[in-house]
1. Taking Cα pairs under 8 Å and at least six residues apart, what relative contact order does the chain come out at, in percent?
2. Taking the dipole about the Cα centre of the chain, with the C-beta of Lys and Arg at +1 and of Asp and Glu at -1, give me whichever of Val160, Leu124, Ser150 is farthest to the positive side.
3. How big is the chain in terms of Cα radius of gyration and Dmax, in angstroms?
4. Carbon and sulfur atoms: what percent of the 1.4 Å accessible area of the chain do they account for?
5. Using the Cα centre as the reference, give the magnitude of the dipole from point charges on the C-beta atoms of region 140-290 (Lys, Arg: +1; Asp, Glu: -1; all else neutral), rounded to the nearest 20 debye.
6. Can you give the calculated 222 nm mean residue ellipticity of the chain, where each DSSP H run of n ≥ 4 adds -39,500 (n - 2.57) and the sum is split over every residue, rounded to the nearest 500 deg cm²/dmol?
7. Does region 1-151 classify as rounded, prolate or oblate by the C-alpha gyration tensor (a ≥ b ≥ c root eigenvalues; a/c under 1.5 gives rounded; else a/b over b/c gives prolate, otherwise oblate)?
8. How would you rank 253-260, 209-216, highest first, on the average number of other Cβ atoms within 10 Å across their residues?
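The values are calculated or read from the model by the stated rules, or taken from the named source; none is laboratory data. None of the values given here were measured: they were computed from a predicted structure. Here Cβ is always computed from backbone atoms with ideal geometry, including for glycine, and neighbour counts include all displayed protein chains. Quick note on the areas: whole protein, heavy atoms, side chains included, nothing else; ligands and nucleic acids left out. Shrake-Rupley method; radii C 1.70, N 1.55, O 1.52, S 1.80 Å.
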Amino acid sequence: MAVGAGETFQERTKGRDVRISNIIAAKAVANAVRTSLGPRGMDKLMQLPNGEVLISNDGATILSKMDVLHPAAKMLVELSQSQDIEAGDGTTSVCVIAGALLDACGVLLSKGIHPTSVAHSFKLASARACEILEEISVPVDLHDRDKLISAVKTCLSSKVVSQNSELLAPIAVDSVLNIIDVDTAKNVDLRDIRIIQQMGGTVDDSELVNGLVFAKGSTKTAGGPSQVENAKIGLIQFCLSAPKTDMQNDVVVSDYAAMDRILRDERKYILNLCKKVKKSGCNVVLIQKS
């Protein structure tokens, strides 16, 4: 009986130690981002493995750059990333709240309350909290652009670019409204919005372009046009060049006549492609591979 009691005691001790370890690891992650919460939150300066220095107070960004190994701490990182994908804001808040709840769990467990009872109570509290949030929530009218801009300014108030919120908030709102159906939209795919970064200039030079922006500018030295109105655009997903073999092969040319014949056939092939493009009537050609 004494041996059996000893084994049971060891198993319980191990389970309690694992729970305490999980709580401590998750609280450590929450405490790491706690000081960056709110408008007066401090920015974090991080040095990445490649030597690059990153300054941010966004919870999801900070946690994604941290090298976290503990499974419980990883769950907190994934929680922040899920919040960023679903809502786009509140990434630091969810980590701080989760850390506070786990701290309360530690107190309850130290009093001898069973973990199952604590988990069940949290589920009941979560359902009640959702009901209260539904009661006090205010519906968002996507037709009211001013309210949307005000909400975005609130999100930007704790970011590094808070002083530029007057410029960035309308750009963010208009870019989203341009890619959704305001009457039926329930969500938005942010992959439809492309952000082009250019060296030089300031944040004040940012602008919203209703269309496509290419990072590479047009070459004006060849005498081509820099602006085309009422353009008919052709999209080409292959190379405008002579065909090549699928495998790496070497072609040995024995005389100049054969070389001239090869070059002539290549020019003829490319010319036929260009004639087909011209016949289509497009005056702007975008080539994916060339």
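1. Numbers: 213 pairs, mean separation 37.6, N = 290.
That works out to 13 percent.
2. Val160
3. So, for the chain, Rg and Dmax equal 30.0, 100 Å respectively.
4. Working: 12690 of 22480 Å².
After summing per-atom areas, the C and S share lands at 56 percent.
5. About 780 debye.
6. Helix contribution divided over all residues of the chain: -17500 deg cm²/dmol.
7. Note, shape of region 1-151 comes out oblate.
8. Most protected by this proxy first, the peptides run 253-260, 209-216.
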